[in-house]
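Heads up: the structure comes next, in structure tokens.
The values are calculated or read from the model by the stated rules, or taken from the named source; none is laboratory data. Keep in mind that this is a model prediction, so the values were computed, not measured. Neighbour counts are summed over all protein chains in view; Cβ atoms, including those assigned to glycine, are modelled from backbone coordinates with ideal geometry.
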């Protein structure tokens with residue numbers, strides 16, 4: 001004969017509580033409403049809030065509030081209604097479906113996004129497309145501050161298609177491309193990757209993008225994403241470019257173009273830079289910043305020298321000795337026996353013209 005020990009009261013109380021918790025509460029029942037959906041066509045497909053949930057006749061408990069009910073069947077136009085569900089109440093929806101040739105409906109978040117079909121037809125959303133010819137279609141959805149969405153569908157006469165799309169926010173995104181591809185990308189002075197490049201989680205603000213590709217001119221772009229928009233850079237990199245040489249008085253000096261650090265030291269050289277206007281700045285510890293606007297041509301070289309002081313600092317353009325007429329005149333005198341033909345030959349490649357008047361060359 002087996003003897004059973006009595007179950008402790010604490011364990012019995014715990015089991016009772018667990019069993020009660022598993023039962024639906026009256027409060028939960030009161031927090032929902034009942035919806036019953038019927039249609040004039042048997043086995044029509046039912047959608048609740050753009051989600052397919054079953055076929056008619058359909059019954060379900062729903063949370064209180066407004067819900068979108070969609071009922072569809074082949075060869076009939078869709079039935080769409082906004083229905084309000086109240087707690088502990090029953091609402092009946094009867095869909096009277098009318099004959100139709102088929103439709104394609106777009107529900108898009110956010111509302112008002114533009115739908116482009118086959119790269120030519122434009123529509124605001126939400127939209128129900130009718131009278132479509134059977135075939136294959138491409139679609140594109142666009143909205144300000146959102147990423148584009150693309151897709152396709154095959155339409156058959158009498159069929160009803162529903163396309164639901166949520167467009168992702170463009171905030172924090174940046175797309176950088178170049179022709180040719182493969183350029184190194186520096187974002188706000190730090191290397192970010194190689195083109196084509198997609199970046200995420202970029203804080204809103206004014207950003208500087210530098211593209212660098214061997215044997216091509218470097219490209220500098222300013223991108224403003226303070227409004228939460230997506231930053232886009234699409235640059236065509238030209239071959240060649242002009243070189244920029246900046247002399248500074250300090251090994252600790254830093255050189256920047258359009259707020260992008262491009263080098264440091266007593267001599268900073270960019271071998272190839274795209275033609276355009278830039279803000280050149282030179283800074284050094286304990287010295288005032290020197291800044292000015294410069295013009296970079298499509299070829300040749302540009303030379304600037306910084307004079308940094310405790311008070312006012314300045315930047316001044318200069319011509320290196322090797323590009324001066326005095327240097328070339330002296331070199332021509334040595335190489336060509338101080339003949340006029342020698343001076344002209346050397347001067348042919350010199351940017352600075354020989355000044356008017358007699359040129360006196362003193363030989364050693």
(message) Being under 28 Å from residue 144 (Cα atoms) and surrounded by 14 or more Cβ atoms within 10 Å (Cβ to Cβ) is true for just one of 249, 204. Which residue is that?
(response) 204
(request) Give the residue, chosen from 219, 223, 185, that is farther than 30 Å from residue 97 by Cα and over 18 Å from the mean Cα position of the chain (by Cα). (result) 219
(request) Would you check which residues across the range 41-66 are at pLDDT 95 or above, assigned to a loop (DSSP other than H, G, I, E, B) and under 20 Å from residue 129 (Cβ atoms) and list them? (result) none
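So which residues in the range 143-152 are at pLDDT 95 or above and surrounded by 15 or more Cβ atoms within 10 Å (Cβ to Cβ), if there are any at all?
Of the range 143-152, the ones at pLDDT 95 or above are 149-152.
149 - this is the single residue of the range 143-152 that is at pLDDT 95 or above and surrounded by 15 or more Cβ atoms within 10 Å (Cβ to Cβ).
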(message) Against the conditions (1) farther than 24 Å from residue 168 by Cα; (2) assigned to a strand (DSSP E or B), where does residue 233 fall short? Just the number, please.
(response) (1)
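Would you mind finding the one in 215, 227 that is surrounded by fewer than 14 Cβ atoms within 10 Å (Cβ to Cβ), closer than 20 Å to residue 183 by Cβ and not assigned by TED's automatic domain parsing to the domain that holds residue 285? Step through it out loud before you land on a result.
Working: 227 fails: closer than 20 Å to residue 183 by Cβ.
So the residue among 215, 227 that is surrounded by fewer than 14 Cβ atoms within 10 Å (Cβ to Cβ), closer than 20 Å to residue 183 by Cβ and not assigned by TED's automatic domain parsing to the domain that holds residue 285 is 215.
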(request) Answer yes or no: is there a residue in the range 255-271 that is touching a residue at least 40 places away in the same chain (Cβ under 8 Å), over 26 Å from residue 311 (Cα atoms) and crowded, with 18+ Cβ neighbours inside 10 Å. (result) yes
(message) Here is a check on your reading of the model: is residue 263 at pLDDT below 90 and in a loop (DSSP other than H, G, I, E, B)?
(response) no
